[in-house]
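Novice: Before I ask anything, here is the structure I am working with.
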Amino acid sequence: MPSHLFVGLPALFFTLIAFPVTATELSVIGWLEYVDINGGDMQYEAKIDTGADVSSINADIIKEFTRNNLDWVQLALVNKEGQRIILEKQILRYAKIKRKQALPVKRPVISLGVCLGDQYRKIEVNLAKRKNFKYKLLIGRNFLRGTYLVDSSNTYTTQPGCNRTGSHTE
């Protein structure tokens, strides 16, 4: 056996011992899942997008305004079933979104409560025009990180359960 293999083995062994992260610690979900938003006010069929840093939702921006010297937005969210809610949310920042063969666009980013399975989190979501897309909500790595693995051969592996556990409080 070549001697350079023996040099690498201690480092590999140390890495396995020092960083014992296993797939069994993470829940496995499919590339499409049902998700509750805004404390269970509305359900979406969401595409799970490991290529997206930040989650994105289809929103009709009604108006942007200032409240207490902060930028806010009034928006309408509409899911696939046509259910509609109007929200007013503080704009946390603006995201510059790169697009293939097109100029970047600037999108407002808000905080939105999202429930996937039994995990509820308030996450940053950018507001996009996704009317021409099949899925009105993309769940990005900002929600998935450290909790979920995505099985691209599977769909609808879980149902939002945050309402039953009471962990959806905004």
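The values are calculated or read from the model by the stated rules, or taken from the named source; none is laboratory data. This structure is a prediction, so every number in the text was calculated from the model and none was measured. For neighbour counting, all protein chains shown are included, and Cβ atoms are generated from backbone atoms with ideal geometry for every residue, glycine included.
Novice: Give the range 35-66 a look and list any residue that's more than 17 Å from Q83 (Cα to Cα) and part of a strand (DSSP E or B), or say none.
Specialist: K47, I48, S55, S56, K63, E64, F65, T66
Novice: Right, something else. Consider the range 47-78. How many of its residues are in contact (Cβ under 8 Å) with a residue 24 or more places away in the chain and at positive phi?
Specialist: Of the residues in the range 47-78, 0 are in contact (Cβ under 8 Å) with a residue 24 or more places away in the chain and at positive phi.
Novice: A further question on this structure: Return the pairs, sorted by first residue and then second, in which the second residue is assigned to a loop (DSSP other than H, G, I, E, B), the first residue lies in the range 109-121 and is within 16 Å of R145 (Cβ to Cβ), the beta carbons are less than 6 Å apart, and the residues are 6+ apart or on different chains.
Specialist: G117/T158; Q119/T147; Y120/S167; Y120/H168
Novice: May I ask you to verify whether K89 is modelled with pLDDT under 95 and assigned to a strand (DSSP E or B)?
Specialist: Spelling it out, it is not the case that K89 is modelled with pLDDT under 95 and assigned to a strand (DSSP E or B).
Novice: Name every residue in the range 125-137 that is surrounded by fewer than 18 Cβ atoms within 10 Å (Cβ to Cβ) and either touching a Cys at 6+ places or on another chain (Cβ under 6 Å) or not aromatic (F, W, Y) (or both), in order of residue number.
Specialist: K129, R130, K131, N132, K134
Novice: Going residue by residue through the range 134-142, is there one that turns out to be among the aliphatic types (A, V, I, L, M), at pLDDT 90 or above, over 19 Å from E25 (Cβ atoms) and touching a Leu at 6+ places or on another chain (Cβ under 7 Å)?
Specialist: Yes: the range 134-142 contains one or more residues that are among the aliphatic types (A, V, I, L, M), at pLDDT 90 or above, over 19 Å from E25 (Cβ atoms) and touching a Leu at 6+ places or on another chain (Cβ under 7 Å).
Novice: Related question: Would the range 75-86 turn up any residue that is surrounded by fewer than 13 Cβ atoms within 10 Å (Cβ to Cβ), assigned to a strand (DSSP E or B) and at pLDDT below 90?
Specialist: no
Novice: Something else now. Could you list, in sequence order, the residues of the range 135-163 that are more than 22 Å from L77 (Cβ to Cβ) and either within 14 Å of the chain's Cα centre (by Cα) or outside any loop (DSSP other than H, G, I, E, B) (or both)?
Specialist: Residues satisfying the conditions are R145, G146, T147, Y148, L149, V150, D151.
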